[in-house]
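Undergrad: Please see the structure below; I have some questions.
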Amino acid sequence: MVALASDHAGFEYKENVKRLLDQLGISYKDFGTFSVESTDYPDWAHRASEAIISGECDRGIFICGTGIGMSIIANKHKGIRAAACESTTAARLSRQHNDANVLAFGERIVGRESAGDIVRTFLSTSFEGGRHERRVNKIHSLTGL
Ligand code: RB5
């Protein structure tokens, strides 16, 4: 189950992602926002991050204007590894090397078609493990997050 979150600046892309996930047959839960009315990105990222921590969802796609605010707050949550990605290469490597469980990107930064490619790449790429597993474990053991 994919946790979706956006603020007003990412709302349109969130709706696009929902259509893409419907096409791919991937289930999701939308944690808001639910309109383009101005709102605060931490509220939505926090709700969706908690759903990942609780196990209700196993990964997330968080969208704001840049992807930066969403990734910052998501990464303040224990167990979340959020990657702000502006390319399919970054999305692929965030999965292969970092085992990222949240993809963040910006509607004001990434083109519409690229956004779809980034989402597909993130959702279809596996963690490589091996030496990367040791490093990912250190992220949590060193920070307590
Ligand atoms: C909203 O204007 C914008 O600041 C927000 O969507 C995001 O880009 C913050 O990181």
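Yes/no per residue for (1) more than 13 Å from the chain's Cα centre (by Cα); (2) modelled with pLDDT under 95; (3) surrounded by fewer than 16 Cβ atoms within 10 Å (Cβ to Cβ):
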site	(1), (2), (3)
ALA3	no, no, no
HIS8	yes, no, no
GLY25	yes, no, yes
GLY32	yes, no, no
SER38	yes, no, yes
ALA48	no, no, no
ASP58	no, no, yes
PHE62	no, no, no
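Undergrad: Pairs only if they're at least six apart or on different chains, beta carbon under 7 angstrom, first in segment 25-45 and closer than 20 Å to LEU123 by Cα and away from the ligand (no atom under 14 Å from the Cβ), second open to solvent by less than 90 Å² (accessible area, probe 1.4 Å) and of a type in the set (Lys, Arg); list them, first residue then second.
TA: Correct list of pairs: TYR28/LYS18; ASP30/LYS18.
Undergrad: Which one is surrounded by the most Cβ atoms within 10 Å (Cβ to Cβ), of the residues in segment 87-119 that are within 13 Å of the ligand (Cβ to nearest atom) and over 16 Å from LEU4 (Cα atoms)? Outline the logic, then answer.
TA: So in segment 87-119, the residues within 13 Å of the ligand (Cβ to nearest atom) come out as 104-110.
Checking which are over 16 Å from LEU4 (Cα atoms) leaves us with 108-110.
On the way: ARG108: 11, ILE109: 16, VAL110: 20.
Across segment 87-119, the extreme among qualifying residues is VAL110.
Undergrad: Here are some conditions: (1) touching a residue at least 12 places away in the same chain (Cβ under 8 Å); (2) outside any loop (DSSP other than H, G, I, E, B); (3) under 15 Å from the mean Cα position of the chain (by Cα). VAL110 meets all but one. Which one does it not meet?
TA: (2)
Undergrad: Only helices (runs of 4 or more DSSP H) wholly contained in segment 39-97 count here; list those with 2 or more residues that are charged (D, E, K, R) and more than 19 Å from ILE139 (Cα to Cα).
TA: Numbers: elements: 41-54, 68-74, 88-96.
It comes to 41-54.
Undergrad: A follow-up question, please. Kindly provide the set of residues from segment 120-145 that are in a loop (DSSP other than H, G, I, E, B) and open to solvent by less than 30 Å² (accessible area, probe 1.4 Å), ordered by number. Step through it out loud before you land on a result.
TA: So the first thing to find is which residues in segment 120-145 are in a loop (DSSP other than H, G, I, E, B), and the list is 125-130, 144-145.
Correct list: THR125, GLY129.
The values are calculated or read from the model by the stated rules, or taken from the named source; none is laboratory data. Everything numeric here is computed off the predicted structure, so don't read it as measured data. Don't worry about glycine lacking a Cβ; one is built from the backbone with ideal geometry, like all the others, and counts go over all protein chains shown. The accessibility values were calculated without ligands, DNA or RNA, using every heavy atom of the protein model including side chains. Shrake-Rupley method; radii C 1.70, N 1.55, O 1.52, S 1.80 Å.
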